[in-house]
Structure formats: structure tokens, C-alpha cells
Amino acid sequence: MALRRKSVYAVLYVVLAAAMLWALLPIVWMALSSVKTQVNMFSMPPKFIFAPTFHTYREMFSAKGNFGEFLTNSVVVSLSTTFISVVLGLMGGFALARGNFKKEKGISSWIISTRMAPIPAVILPLYLMFAKAGLIGTTTGLIFAYTTFNLPFALWMMATFFKDVPVDMEEAAMIDGCGKFEAFRRIAVPTAAPGIVATSILCLMFSWNDFAFASVFSGRGTQTVPVAASLLISQHGIQWGQAMATGTVIIAPMIVCGLAVRKYLVRGLSMGAVK
Amino acid sequence: MPQLTETFDRPEQATAAARSRGRAKGSRTEFWMLLPSIVVLAIISIFPFLFLIYASFMDYSLSIDAPSFTGLDNWRRVFESDTFWQSWGRTAIFGVAGLALELLLGVAVALLLYHAPKGRNLIMTLWMLPLFVAPVVSGLLWKYLLDPTYGLYNWFLERIGIHTQILGDISTAMPAVILMDVWEWTPLITIIVLAGLQSVSQEPLEAAEVDGASGFQKIRFILLPMVRRMIVVALLIRSMDILRYVDTITIATEGGPADSTKTIGYYLMQVAFRFQDMGTAAALGLTMLFVTMVMGNIFVKMMKKGEG
């Protein structure tokens with residue numbers, strides 16, 4: 001029996017190891033390739049052991065390559081949309097969790113459909129509207145575009161987090177003469193703080209990772225990092241070294257962010273359906 | 001004074017009164033707290049939605065600023081075009097094949113992790129990393145891995161005797177982009193299903209053990225039925241996401257070769273921004289939005305059921 005159990009576990013870990021290899025090899029390969037010389041990068045058979053060089057990164061961040069500008073744009077746009085969405089979503093989500101709105105189911109369906117709407121179907125009307133308003137190629141337009149998915153997300157998530165905060169404390173505060181808004185500010189918000197952090201980080205991630213909106217709405221000087229990555233593809237070929245370095249720079253902060261809110265990841269990615 | 005005594009005598013009643021007072025007063029506060037979000041959401045979702053409907057009846061081909069009314073022309077063109085149906089067909093193949101593989105692999109890994117005596121957390125952490133990769137990077141990275149000259153995976157394939165340009169061949173390009181989706185999103189199914197498994201109570205499992213159930217019987221008759229709701233939730237979210245993203249295909253194949261990876265989303269982007277036919281693209285967009293709204297409604301119903 002013990003032997004059988006042992007061999008079952010051995011098989012289990014072998015299968016898991018194979019799954020890990022499938023999941024991680026591409027990422028590891030990207031990171032490795034970003035610190036290779038041209039020669040090492042294109043040598044066949046592929047090289048796993050070599051002397052690393054950071055010259056691709058140095059080139060990217062030098063005055064000649066304007067990668068810093070892309071990076072700044074990404075940070076500005078992502079932080080702005082996150083701030084707007086979380087502040088509005090904080091109040092709205094609380095109201096949704098506590099209030100008795102007659103059309104609650106209708107509002108829920110509306111919020112979900114807006115959050116999950118196919119990006120091409122959102123880009124098109126926004127493009128026509130932005131063209132009229134002169135917002136194409138501007139940072140404002142892009143912030144606005146990202147808020148179309150971040151605001152419904154923040155609203156929805158904050159509502160599920162506030163539903164978990166017991167109403168009793170707020171009610172006790174209100175008996176003590178606190179107003180509803182005061183109870184929200186002094187009790188509900190601090191209690192739901194981890195949820196607020198998790199929601200903010202996920203909003204940041206969704207906007208940081210977007211390419212479709214950015215490729216249509218940003219112009220010279222307002223382009224974000226994912227657009228920078230796509231610009232490395234040209235008719236003459238692809239600058240693989242830079243592409244892998246850019247990819248690494250895009251995913252590294254997101255891995256840190258994602259793992260930081262790991263506890264809330266299931267909840268965020270299942271739109272609160274699984275806690 | 002009598003009021004105070006009453007409060008002390010019957011605290012429950014007092015709380016209830018305060019509670020209802022709070023509600024009555026609160027409803028108004030809540031309305032004002034929700035209002036800014038609703039207004040902004042209306043501007044960024046209802047207005048574009050109405051605009052999309054309007055655009056689907058207009059002809060933008062001559063000028064984006066001054067479109068002309070064309071009635072049902074765009075809609076007729078959409079429904080009569082083979083490309084439209086083929087793109088939806090490819091989207092369906094992409095969705096069904098992708099989701100089937102993700103479900104199979106995702107649930108399998110979740111079950112393995114559930115039974116793993118050690119290292120569950122560490123393995124889960126590593127397994128979920130592809131989730132954080134921007135779809136555009138995923139497209140670029142896989143294009144590199146499959147590059148016919150420099151690709152690592154291409155080199156592996158050549159070792160086992162497969163010499164073809166994976167992304168340049170109409171028979172292999174679609175399976176390849178499906179695998180990119182599987183690579184990136186299978187962990188989503190795993191984390192949702194594993195969360196479900198971990199909340200399954202031990203009692204029925206122990207009872208089954210006493211009755212002499214085998215490991216597979218426990219999985220088949222206890223664990224899987226109990227996480228059914230999670231699986232449906234995961235599949236709903238994934239299917240909406242498959243309609244949502246076009247990044248990976250845009251980078252990896254641009255819908256090619258010979259349209260073999262042209263899904264409905266990519267087709268829309270092409271009609272709108274390459275052919276500048278905004279009206280037809282709007283009609284395409286509405287067909288996509290319709291599918292998402294149906295799935296969103298099912299999702300909300302499942303959420304409500306889960307709460308009750």
C-alpha cells in the first residue's frame with residue numbers, strides 16, 4: 001500500500017513537472033534571450049548557457065532609444081485610469097453593496113457586459129467619437145478608453161468586497177450619530193482596504209497589458225510599451241533581441257504585482273464569483 | 001428620559017429602528033454615491049453603444065466626419081458575406097478547441113495540485129505566471145519560439161522530424177494560435193477550480209472512503225460535481241475573453257496565412273481600420289456584443305444563484 005501510494009505520488013509530480021516546463025520555458029527563454037549577444041541568440045542548436053550581456057537593455061534605455069518615453073506614457077496612463085476607476089468604484093461599489101436598488105439585476109448585467117465587451121466592438125465607436133472630439137493620439141483619450149473596462153471592474157469588485165464587510169459596525173457607528181457617508185469613510189473603507197489594493201493592482205495590470213486600444217488611440221509621443229513591442233516588427237524582419245528585452249520589461253512588474261495580490265487573484269479574475 | 005429607558009430595555013428593537021432609519025436616510029446617500037459612477041459609465045458605455053447602433057446604419061466610406069445614411073445596407077452586406085460567417089466559424093473553432101483543452105488541462109492540474117502532499121503553493125505560483133504576460137508579449141514570444149530559422153520550439157520540432165513553418169502554413173497556424181491561448185489562460189481555469197476544490201467539505205469524501213470508494217470514484221462522483229459551478233463560471237469568463245482579445249493574433253499571424261486565423265474580432269479591426277468601412281464594422285461589432293451580453297446575463301444569474 002505504502003509503495004503504491006509512493007509511486008502514485010511520483011507519477012503525480014512527474015506530470016506536474018511536465019506542466020511547469022510547458023508553462024515556464026517560454027518565459028525563461030524570453031528572459032534568457034534578452035541578455036544574449038546577437039551571435040548567441042541566433043546560434044543553432046539553441047544555447048542555454050552563455051555569458052550574459054545587458055547591452056540590449058542599455059541601448060533601449062539610452063538617449064538614442066526612446067524607450068523611457070514609452071515607459072512614462074504607460075505608467076501615466078495606467079495610474080490615471082486606475083485612480084479614476086477605483087475612486088468612483090469605491091463609492092459606487094459601496095452603494096451597490098448596501099443600497100436596495102430596484103434595478104440591481106439590470107445594473108449588474110450592464111456592468112458585466114461593459115467589463116467583458118469585445119475590445120474591437122468598443123474601439124470602433126470610441127474611435128468615431130474621439131475623432132470628432134480630437135482625442136485621437138492623446139493621453140486623455142487613452143485614459144478614457146481604459147476606464148471603459150476598469151470602472152465596471154472596480155465597481156463590481158468593490159461591491160463584492162463591501163458585501164463581505166459586516167454591516168453591524170457601520171450601523172453601530174450610525175447609532176452613535178455618524179452619517180452614512182461618514183460610516184463608509186471611517187469604517188467600511190479601512191475594513192475593505194486589502195480589497196481596494198487588490199482591485200487597484202488588477203486595474204493597473206489590465207491597462208498596462210493592453211495593446212489593442214493603445215495601437216489605435218495613441219500617437220507619436222503618447223505610445224505605450226506594448227505598442228513599442230509591436231513596432232519592433234517591420235517589413236524587414238523583427239528585432240528579436242529588443243523584442244525579448246521589451247517583453248521582459250513589460251511582464252516583470254506585472255509578475256510582481258500579480259503575485260503581491262495572489263490571495264485575491266481568483267476573485268479578481270473570476271469577477272468575484274469565486275472567493 | 002422614557003425614550004432612553006426604552007432603548008435600554010429593548011436594545012434589539014432600538015437597533016432595528018436605527019437600522020431602518022439608517023436605511024431610509026442611507027438610500028439617499030447611496031443614490032448619490034452611485035450616481036457619479038453611473039453617469040461616467042453611461043458616458044463610456046451606453047453612449048458608445050448607441051453610437052455603434054447608429055454607425056451600423058451609416059456609410060462612412062467617403063468621409064468619417066460626414067457619413068451618409070444607408071439603411072440596412074451594412075447589415076445586408078455583413079450577413080451575405082462569406083467572410084463574416086467564416087470568421088465566426090473560425091472564432092467558434094478557436095473557442096471550442098481552446099476551451100476544451102484549457103478545461104481538460106486546467107482541471108487536471110487543479111486535481112493534481114489538490115492531491116499533492118507538498119509544494120502546492122510553490123507549484124501554483126509558477127503555474128500561474130503566464131496569466132501575467134501581456135497578450136501582445138505572448139504573441140511576440142510565441143512567434144519567436146516558432147520562428148522557422150531561430151525558434152527554440154521550431155528546433156525541437158525539427159529534431160522530431162517536423163519541418164514546416166508553423167505560423168506560415170494554413171493547416172498549422174490555427175492550432176498554433178489556439179495553443180498560445182491555452183498556454184496563457186489554462187492557469188485561470190486551474191486557480192478557479194482549485195479554489196473550488198479547496199472549499200469542498202471533507203465529510204462526503206471521508207464517508208466515501210469508508211464505503212470503499214476508489215480515488216477516481218471520489219473525483220468523478222464527489223469532487224467534480226461539487227466544483228461544477230466553478231467550472232461553468234470559468235468557461236463563461238474565458239468565452240467572453242476569447243471574443244474580447246485580438247492582441248495575440250494581431251501580432252503572431254495578422255489573421256493569416258490566407259485568413260486561416262482570422263477570427264471575428266480581427267476581421268472587425270481589419271474592416272474598420274484597414275478598409276475604413278466603419279459602418280460594416282459597426283454591424284460586426286454588434287453581433288459580437290450580442291453574444292457577450294447573452295453570456296454576461298447567464299453569468300449574473302449564476303452569481304445570484306451562488307449567493308442564495
message: Looking at B:Leu41 and the list (1) more than 7 Å from chain A (Cβ to nearest Cβ); (2) at pLDDT below 95; (3) surrounded by 15 or more Cβ atoms within 10 Å (Cβ to Cβ), which single condition is not satisfied?
response: (1)
task: Please specify each residue of region B:44-66 satisfying the condition of being over 23 Å from A:Ile107 (Cα atoms) and modelled with pLDDT under 90.
output: B:Tyr60, B:Ser61, B:Leu62, B:Ser63, B:Ile64, B:Asp65, B:Ala66
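If you go through region A:7-25 one residue at a time, do you hit one that is within 11 Å of another protein chain (Cβ to nearest Cβ), closer than 30 Å to A:Ala145 by Cα and modelled with pLDDT of 90 or more?
The answer is no; no qualifying residue exists.
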statement: Checked B:Thr287, B:Thr261, B:Thr292, B:Thr250 against criteria (within 30 Å of B:Gly196 (Cβ to Cβ) and of a type in the set (S, T, N, Q)); the one match is B:Thr292
task: Take A:Asn66 and decide whether it is modelled with pLDDT under 90 and not aliphatic (A, V, I, L, M).
output: yes
statement: Every listed condition ((1) under 26 Å from B:Trp127 (Cα atoms); (2) part of a helix (DSSP H, G or I); (3) touching a residue at least 24 places away in the same chain (Cβ under 8 Å)) holds for A:Tyr57 save (1)
- prompt: List, please: which pairs have Cβ atoms under 7 Å, are six or more places apart or on different chains, and start with a residue in region A:63-76 that is in the same structural domain as A:Thr138 (by TED's automatic domain parsing) and end with one that is crowded, with 19+ Cβ neighbours inside 10 Å and not in a helix (DSSP H, G or I)?
  reply: A:Phe70/A:Gln223; A:Phe70/A:Thr224; A:Asn73/A:Thr222; A:Asn73/A:Gln223; A:Asn73/A:Thr224; A:Ser74/A:Thr224
- line: The number of residues in region B:118-162 that are crowded, with 20+ Cβ neighbours inside 10 Å and small (Gly, Ala, Ser) is 4
Subset of region B:190-207 (residues that are in contact with a helix residue (DSSP H, G or I) (Cβ under 7 Å, 6 or more places away or on another chain) and modelled with pLDDT under 90): B:Val200, B:Pro204, B:Leu205
- prompt: B:Phe8 is checked against (1) part of a helix (DSSP H, G or I); (2) at pLDDT 50 or above and fails just one. What number does that condition carry?
  reply: (2)
task: Kindly list the number of the only condition in (1) assigned to a helix (DSSP H, G or I); (2) within 23 Å of the chain's Cα centre (by Cα); (3) closer than 19 Å to A:Ala212 by Cα; (4) free of Cβ contacts under 8 Å to residues at least 24 places away in the same chain that fails for B:Val271.
output: (2)
message: Here are the criteria: (1) at the interface with another protein chain (Cβ under 7 Å from one of its Cβ atoms); (2) on the phi > 0 side of the Ramachandran plot. Tell me which single one B:Ala258 does not satisfy.
response: (1)
task: Could you run through region A:91-111 and say how many residues are at pLDDT 90 or above and within 7 Å of chain B (Cβ to nearest Cβ)?
output: 5
query: Are there any helices (runs of 4 or more DSSP H) wholly within region B:137-243 with 3 or more residues that are over 24 Å from the mean Cα position of the chain (by Cα) and farther than 30 Å from A:Lys263 by Cβ, and if so which?
result: B:152-159, B:202-210
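The values are calculated or read from the model by the stated rules, or taken from the named source; none is laboratory data. In this text the structure is predicted, and so the values were computed from the model without any measurement. As a convention, Cβ positions derive from the backbone with ideal geometry for all residues, glycine included, and neighbour counts pool all protein chains shown.
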